[in-house]
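Notes follow the structure.
The values are calculated or read from the model by the stated rules, or taken from the named source; none is laboratory data. Keep in mind that this is a model prediction, so the values were computed, not measured. Cβ coordinates were reconstructed from backbone atoms using ideal geometry, including for glycine residues, and neighbour counts include every protein chain displayed.
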């Protein structure tokens with residue numbers, strides 16, 4: 001089954017994470033992460049991102065696929081704990097697609 005057939009996407013994952021983050025930390029890994037706080041979740045996201053970079057540099061396709069999934073999951077956990085709704089990220093990406101990447105980068109505040 002593909003994600004199109006199951007209806008699974010990142011918005012759905014964000015919903016699952018939101019629900020599970022409120023669960024008992026003894027019963028849910030997501031809740032355990034959320035319970036440890038924003039700084040811990042940020043570090044965990046960073047660790048997963050580094051592992052994805054290593055897999056990419058090494059040309060480890062299977063490893064990169066798995067690490068990419070971990071990166072997306074841990075990013076969504078971090079967003080949840082930091083109280084940044086996933087939809088706001090989607091809205092930001094939508095705003096940015098209205099211009100070229102170079103235009104968008106040039107419009108960012110310097111500093």
ask   = Taking segment 52-78 on its own, how many of its residues are under 17 Å from residue 16 (Cβ atoms) and out of contact with any helix residue (DSSP H, G or I) (no Cβ under 6 Å at 6 or more places or on another chain)?
value = 3
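How many residues does segment 57-94 hold that are in a loop (DSSP other than H, G, I, E, B) and closer than 18 Å to residue 40 by Cβ?
Applying the first criterion (in a loop (DSSP other than H, G, I, E, B)) to segment 57-94 yields 59-60, 82-85.
Narrowing the set further to residues that are closer than 18 Å to residue 40 by Cβ leaves 82-84.
The qualifying residues number 3.
Is it true that residue 49 is surrounded by fewer than 14 Cβ atoms within 10 Å (Cβ to Cβ) and under 26 Å from residue 17 (Cα atoms)? Step through it out loud before you land on a result.
Details: surrounded by fewer than 14 Cβ atoms within 10 Å (Cβ to Cβ): no; under 26 Å from residue 17 (Cα atoms): yes.
When the stated conditions are applied, residue 49 does not pass them.
Using the structure shown, decide if residue 37 is exposed (fewer than 13 other Cβ atoms within 10 Å of the Cβ), within 24 Å of residue 85 (Cα to Cα) and at pLDDT 95 or above. Write out each step before concluding.
Working: exposed (fewer than 13 other Cβ atoms within 10 Å of the Cβ): yes; within 24 Å of residue 85 (Cα to Cα): yes; at pLDDT 95 or above: yes.
Considered against the rule, which asks whether it is exposed (fewer than 13 other Cβ atoms within 10 Å of the Cβ), within 24 Å of residue 85 (Cα to Cα) and at pLDDT 95 or above, residue 37 comes out as yes.
Would you confirm, using the coordinates I've provided, whether residue 106 is loosely packed, with under 13 Cβ neighbours inside 10 Å and in contact with a helix residue (DSSP H, G or I) (Cβ under 7 Å, 6 or more places away or on another chain)? Let's see the steps before the verdict.
Working: loosely packed, with under 13 Cβ neighbours inside 10 Å: yes; in contact with a helix residue (DSSP H, G or I) (Cβ under 7 Å, 6 or more places away or on another chain): no.
For residue 106, the condition - loosely packed, with under 13 Cβ neighbours inside 10 Å and in contact with a helix residue (DSSP H, G or I) (Cβ under 7 Å, 6 or more places away or on another chain) - is not met.
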